[in-house]
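Computed from the coordinates by the stated procedures, all read-outs in this text should not be read as laboratory data. Predicted model only: the values in this text are computed from it and were never measured. Every residue, glycine among them, receives a Cβ derived from its backbone with ideal geometry; neighbour counts consider all protein chains shown.
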Amino acid sequence: MRKLHHVAAACAISAIMLSGSVLAQAPTTAAATPVKEETGKDIAFNRTKGNCLACHAMPTVPDAESTGTYGPPLIAMSARFPDKAK
């Protein structure tokens, strides 16, 4: 009787592990499609992603429709915050 419980438990564990490995496989169609990387300007101008223009002014960018006055102006950001990886 005790051996039957061990066999049933082993079968249950095997089934759980097998179902988890099937679900963990990455989809092949999504990996084949390259994703366009967004630039900082795209994120800053998008109201649902960055919405930087709500608080910051961008005086050097003519596309900036609404300029905020709460945050500091976003000019010369690459000079103020250089890329540490380079």
**OP:** Could you run through region 55-78 and say how many residues are exposed (fewer than 13 other Cβ atoms within 10 Å of the Cβ) and over 15 Å from GLY40 (Cα atoms)?
**Re:** 8
**OP:** Starting from region 54-72, keep only residues that are of a type in the set (Ser, Thr, Tyr), then list their pairs with residues that are surrounded by 12 or more Cβ atoms within 10 Å (Cβ to Cβ) and not in a loop (DSSP other than H, G, I, E, B) whose Cβ atoms are within a distance under 7 Å, requiring at least 6 positions of separation or different chains.
**Re:** SER66/LEU53; THR67/LEU53
